[in-house]
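Here the structure comes first, spelled out in structure tokens, and everything after it is commentary.
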């Protein structure tokens, strides 16, 4: 299992990487592994504004469908359109080419409430007990 040191994690398994006030969001390696082969990703419209914790999309796999939740509030400025034709990128490179959206955050300090990689690793280990 890979844990990216440069991102923050939610208990719902989304990760967020901040670059100034723009946040890139994806799902963790743990989440894609649990889901299995991703076959569809529902993306939000660019320009959509949401609050922290709002559902912004869905990842569907051969096993299950899972809602995606905003790690911080803001406006969607980019959606990874590549995932429409190649949703398996989420499995192949969850912290890279498999990113899902980019958001201009209204309050970047909201990311402070998320877990760092060490805390998330401990959290996921507890789920497998």
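Read-outs: derived from the displayed coordinates by stated rules, not from any lab. In this text, all values refer to a predicted model and were calculated from it rather than measured experimentally. Ideal geometry is used to build each Cβ from the backbone, glycine not excepted, and the neighbour counts take in all protein chains shown.
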Note on the chain: contact order normalised by length, alpha-carbon pairs under 8 Å, 6 or more apart, percent, works out to 30 percent
Expected sort for 35, 83 with the fewest Cβ neighbours (10 Å cutoff) up front is 35, 83
Quick calc: nm separation of the 7 Å Cα→Cβ label points for residue 33 and residue 119 -> 2.1 nm
With -39,500 (n - 2.57) per DSSP H segment of 4 or more residues and division by the full residue count of the chain, the 222 nm estimate, nearest 500 deg cm²/dmol, is -5000 deg cm²/dmol
Taking a crude spin-label model, label points 7 Å out from Cα along the C-beta direction, the residue 92 to residue 67 distance in nm is 3.1 nm
Between residue 11 and residue 85, Cβ-based FRET efficiency (R0 22 Å, step 0.05) works out to 0.15
